[in-house]
1. Evaluate E = 1/(1 + (r/R0)^6) for Arg4 and Arg132, where r is the Cβ-Cβ distance and R0 equals 25 Å; express this FRET efficiency to the nearest 0.05.
2. Step through the residues of the range 99-115 one at a time and calculate ³J(HN,Hα) from phi using the Karplus curve (6.51 cos²θ - 1.76 cosθ + 1.60, θ = phi - 60°), rounding each to whole Hz and writing x for Gly and Pro.
3. Under 1.5 on a/c is rounded, so check that first for the range 141-236, then, if it is not, pick prolate when a/b is larger than b/c and oblate when it is not; a ≥ b ≥ c are the square roots of the alpha carbon gyration tensor eigenvalues.
4. May I ask for the distance between the Cα centers of the range 92-166 and the range 185-199, given as a whole number of Å?
5. Can you give the accessible area of Phe27 in Å² (nearest 10), computed on protein heavy atoms with a 1.4 Å probe?
6. Between Ser110 and Thr83, what is the label-to-label distance in nm when each label sits 7 Å out along the Cα-to-Cβ direction?
7. Provide the per residue accessible area, probe 1.4 Å, for the chain, rounded to a whole number of square angstrom.
8. When only DSSP loop residues count, what trypsin sites (Lys or Arg not before Pro) in the range 172-214 have their Cβ near at most 15 other Cβ atoms within 10 Å?
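The values are calculated or read from the model by the stated rules, or taken from the named source; none is laboratory data. If you're wondering where the values come from, they're calculated on a predicted model, not measured in any experiment. Note that we place each Cβ from the backbone using ideal geometry, even for glycine, and neighbour counts take in every protein chain shown. Note: accessible area is taken over every heavy atom of the protein model, side chains too, but ligands, DNA and RNA are not part of it. Shrake-Rupley method; radii C 1.70, N 1.55, O 1.52, S 1.80 Å.
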Amino acid sequence: MKTRLTRADERGLKDIGWLQSNFSLSFGPYADPERSGFGLLRVFNDDFVQPGGGFGIHGHANMEIISVMLAGSMNHKDTLGYTEVVHQDWVQIMSAGSGLRHEEHNVGESTVNFLQIWIEPKLQNIGPRYQRRSFPEAKRENQLTTIVSNEEGQAHCWINQNAKLSLGYYTEAQIIDYQFKPLNKLLFLFVISGSVMVGKQAVAARESLGIWDTDTISIACTPGTRFLLIEAPINH
């Protein structure tokens, strides 16, 4: 097993007052040749948006864009006709495909924190689509929950790529044995709170661990640990 650790204070940072973005991978003003994507996982941002702040109307094409809401409430409005507000524990995905435009703003009274994830698609120029689902934390205690998958279903969001995203929330110390299909895939682990051990590697809150050259890992969690696990293809 090979790994690449990114500590919280090693991430890139963009702070413009209403927005604080922490970049685990190169994005925008942050460029690090050693962290220029991870396979087809191109962007992983830990974003904080102050009340009243937000992103004006802008466009995307041929990218799978996933938002995992960790705190607060943010609106979503797009050129597909969707207008709604998403809250903590919600996950939304846009398959930008041939192109769409959207905007999002903090519409609550507290800071929004969400994970912004971009994965390159399997098929180019498909019809754009939007989807969101709620994953209440109270229903996810002490288990690993699939939130995004390449397999369509009612229990998770669907992605146009051979990828999978799972959220873990453990109130008690626990060891999770995780096995995945090793064909053309990497693993990316991000600890939201608490800490984990993967083999002999400790990973603390807001740190990430890229993992490859294995098809199984053991994740030892401390009580109160929350983490996100991404299976991402190496290439198309």
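1. That gives a FRET efficiency of 0.20.
2. In residue order, the calculated couplings are x, 8, 10, 8, 9, 7, 9, 6, 9, x, 9, 10, 5, 8, 10, 9, 9 Hz.
3. Verdict is oblate for the range 141-236.
4. The range 92-166 and the range 185-199 have Cα centres separated by 19 Å.
5. For Phe27, the solvent-accessible surface is approximately 60 Å².
6. About 2.7 nm, to one decimal.
7. 44
8. Lys200
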